[in-house]
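Computed from the coordinates by the stated procedures, all read-outs in this text should not be read as laboratory data. Small disclaimer: the values here were computed from a predicted structure and weren't measured. Every residue, glycine among them, receives a Cβ derived from its backbone with ideal geometry; neighbour counts consider all protein chains shown.
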Amino acid sequence: MSQHEDCIFCKIANHVIESNYVYEDDLVAAFRDMSPLAPTHVLVVPKDHYEHIADAVPAETIAAMVHAVDEVAKAEGIDHSGFRVVANAGDDAGQAVHHLHFHVLGGHRLGDDFA
Ligand code: AMP
């Protein structure tokens with residue numbers, strides 16, 4: 001698998017561009033959303049490029065992303081208070097960045113919408 005040359009999340013996940021990281025391992029990176037919608041708003045992103053959750057993502061990568069969600073929730077102190085995980089896929093979901101990512105949102109009482 002590989003990175004896409006002009007994909008911003010490929011660059012951040014692989015430290016071509018640095019960001020505000022919360023967690024990282026061999027397969028994924030987690031960093032703060034630049035326009036946070038909640039006190040905690042972290043993006044969990046695989047280091048290899050996949051368009052979205054239905055892009056034949058290997059089980060190992062999905063497992064690493066779920067593990068990263070757990071690590072982020074603990075690091076942010078929202079593992080007991082609760083949090084939301086959102087994965088937008090495609091136009092009707094309003095996916096703006098076409099590199100698979102989980103939004104991890106928490107730190108206050110979340111509404112019925114996204115955050
Ligand atoms: P989505 O609509 O699910 O594709 O969400 C994309 C998210 O990426 C939005 O919440 C943006 O604020 C966030 N975002 C876009 N570019 C960056 C960046 N360079 N660093 C951090 N977050 C970003």
If we keep only residues of segment 5-31 that are within 12 Å of the chain's Cα centre (by Cα) and surrounded by fewer than 17 Cβ atoms within 10 Å (Cβ to Cβ), then the residue farthest from the ligand (Cβ to nearest atom) is Glu24
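State yes or no: is Val69 surrounded by 14 or more Cβ atoms within 10 Å (Cβ to Cβ), more than 11 Å from the ligand (Cβ to nearest atom) and closer than 16 Å to Arg84 by Cβ?
Details: surrounded by 14 or more Cβ atoms within 10 Å (Cβ to Cβ): yes; more than 11 Å from the ligand (Cβ to nearest atom): yes; closer than 16 Å to Arg84 by Cβ: yes.
Yes: the conditions hold for Val69.
Can Ala38 be described as touching a strand residue (DSSP E or B) at 6+ places or on another chain (Cβ under 6 Å), surrounded by 15 or more Cβ atoms within 10 Å (Cβ to Cβ) and either β-branched (Val, Ile, Thr) or not in a loop (DSSP other than H, G, I, E, B) (or both)? Write out each step before concluding.
Details: touching a strand residue (DSSP E or B) at 6+ places or on another chain (Cβ under 6 Å): yes; surrounded by 15 or more Cβ atoms within 10 Å (Cβ to Cβ): yes; either β-branched (Val, Ile, Thr) or not in a loop (DSSP other than H, G, I, E, B) (or both): no.
Answer is no for this residue.
I'd like the residue in segment 77-107 that is touching a Ser or Thr at 6+ places or on another chain (Cβ under 9 Å) and more than 18 Å from Ala29 (Cα to Cα) and, out of all such residues, is surrounded by the fewest Cβ atoms within 10 Å (Cβ to Cβ). Lay out the reasoning, then the answer.
Step one: list which residues in segment 77-107 are touching a Ser or Thr at 6+ places or on another chain (Cβ under 9 Å), which gives 77-78, 83, 100, 104-107.
Narrowing further to those that are more than 18 Å from Ala29 (Cα to Cα): 77-78, 83, 106-107.
On the way: Gly77: 11, Ile78: 21, Phe83: 20, Gly106: 23, Gly107: 17.
For segment 77-107, the residue satisfying everything is Gly77.
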Exactly one of Tyr50, Tyr21 is among the aromatic types (Phe, Trp, Tyr), touching a helix residue (DSSP H, G or I) at 6+ places or on another chain (Cβ under 9 Å) and under 17 Å from Ser2 (Cβ atoms), and that one is Tyr50
Every listed condition ((1) in contact with an Asp or Glu (Cβ under 6 Å, 6 or more places away or on another chain); (2) within 14 Å of the ligand (Cβ to nearest atom); (3) of a type outside the set (Phe, Trp, Tyr); (4) not in a strand (DSSP E or B)) holds for Leu43 save (4)
Filter segment 19-33 for residues that are in contact with a strand residue (DSSP E or B) (Cβ under 9 Å, 6 or more places away or on another chain) and in a loop (DSSP other than H, G, I, E, B); the one that is nearest to Val85 (Cα to Cα) is Asp33
